[in-house]
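The values are calculated or read from the model by the stated rules, or taken from the named source; none is laboratory data. Just so it is clear, the model here is predicted, and its values are computed rather than measured. Cβ sites come from the backbone with ideal geometry, for glycine too, and all protein chains shown count toward neighbours. Just the protein is used for accessible areas: all its heavy atoms, side chains included, with ligands, DNA and RNA removed. Shrake-Rupley method; radii C 1.70, N 1.55, O 1.52, S 1.80 Å.
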Amino acid sequence: MDTNTVFLLAAIGLYFLAMIAIGLYASRKNTDLDDYMLAGRDMKPSVAALSAGASDMSGWLLMGLPGAIYAAGLVEGWMAVGLTVGAWVNWRVVAPRLRSYTEVAGNSITIPSFLENRFKDRTHILRIVAGLIILVFFTFYVSSGMVAGGKFVESTFGPDSFYAQGISINYLTGMLVVAGITVLYTLFGGFLGASLTDVAQGILMFLSLLAVPIVVILTMGGWDAVVEGIRAADAAGGGVNHFSMFENATLIGVLSSLAWGLGYFGQPHIIVRFMALRSSADAHYGRIVSTTWMIITALGAITTALIGVAYFNGPDPAKQIDDPETVFLLLSQIFFHPLVAGFVLAAVLAAIMSTMSSQLLITSSALIEDLYRVLGKRQLAGERLLLLSRAMVVLIALVAIALAANPSDTILGLVGFAWAGFGAAFGPVVIASLYWKGLTSQGAIAGMITGAVTVFMWGSVDSSITEIYEIVPVVVLSTAVMVAV
């Protein structure tokens, strides 16, 4: 094993140890299920904002988005626009009311329990349906993070990687390592541990997405040289104009990308951060921090992709890459000292692991708080309930690992499916529950089922209408059914 590989492994190893240490620290503050799942509703707005951003973006920010921009140009940037606007509206419209309503509605610590208490549904059907939807879609969502983790390790330490000397780790081994570390600190730290690690991970992602484009631009001779390289690559063929947000764009394509912003209102792992705020007034400051973080990191990811076009698509065919989603990883390894590159690459792990930890916790809470305690009519408390919740974290992780062992879709494809499922199933119901007194439990159930089932069926429909991102028509359909019932 050469010196460069040792430096790289040392940096990533330090990152892993730091995450585990934070999880162990947080575990000392978890005395009951409320602490484990919601950190006692005492989260500062800056922590909630960075935690929401880090758990939201996942591998999409450092792998999915740069890969899409690298392959198709700024026309794929509409997704970043839609997400930024959607996040701002989510903090403005949902955050303050949800924080207040969930405390008033029986001190609800999960979205399903809030909906049940909000509509006084004594049959528990609403809560069970919501819990099952979370269980199904989050299992796919967690597996997308594991796919990203496996790709990360393989592209960094695989047989054809930049640092392959003396070490060779395949996709499956890498996926298992990333999954294992994430499960470990989530298992002990709970919601507080996940949130504190999210803050560290969000800062690491922020700094990396500033450092990589700045250093590479300076090394390549300035922004003018980068622009010249991109134009040369576009002129050489492929029919892509990387600087245009409209060339090769279609109305359906642009609307589909912008529509990703609609999904925010129904993402349990994001809106649960609103429930954990100290008060509804904290949402204002949280909105400012969250939006600023998102704008800067998205611009960094987009710039990194464009730089990659100039560097990898030059006259030297040996530089060309096979997988566009690894452009950020490769640039950091080429242009940075291995120790620094290790910390930059740890930012990718941060993006992946922060999302996975939040999703594991939300899915565990759905199993225990919204399904086991309701269907089993068991009133466990204290350490036994904590132990069972932790066991569910492990169980969900094992199922997601099985799904991710042989990935059949891209990271963006897996995330897009789960994002649409939650956005369509929960988004309309959450907003209506906060702003419309006329909504009933039957309407909420009908809307959620319509949204979830239609997203699952969408891919099997052979029609030109399926070219649009399913969240658009399914949110409309889900809302219409909810209102009609």
Quiz prompt | Lysine pairs in the chain with Cα atoms under 26 Å, if 8 or more residues apart or on separate chains | solution = 4
Exercise. Could you grab the Rg to Rh ratio for the stretch 105-153? Cα atoms only, Kirkwood for Rh.
Key: 1.24
Self-check item: Solvent exposure ordering (accessible area, 1.4 Å, most first) of TYR141, TYR101
Solution: TYR101, TYR141
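Quick one: which of 447-457, 169-179 comes out on top by average Cβ neighbours within 10 Å, and what's the full order, highest first?
On the way: 447-457: 21.5, 169-179: 19.1.
Packing order, densest peptide first, comes out as 447-457, 169-179.
Mind ranking LEU210, LEU61, LEU330 by accessible surface for me, highest first, 1.4 Å probe?
These residues rank, largest area first, as LEU210, LEU330, LEU61.
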Quiz prompt | Hydrodynamic radius of the stretch 45-198 per Kirkwood, over alpha carbon pairs, in Å | solution = 18.6
Quiz item: If TRP223, TRP91 are ordered by their accessible area, calculated over protein heavy atoms with a 1.4 Å probe, which sequence runs from highest to lowest?
Solution: TRP223, TRP91
Quiz prompt | Equivalent ellipsoid, the chain (semi-axes from 5 times Cα gyration tensor eigenvalues, Å) | solution = 37, 26, 19
Exercise. Take the solvent-accessible surface of the protein heavy atoms, probe 1.4 Å, and return the percent of it on the chain that carbon and sulfur atoms account for.
Key: 65
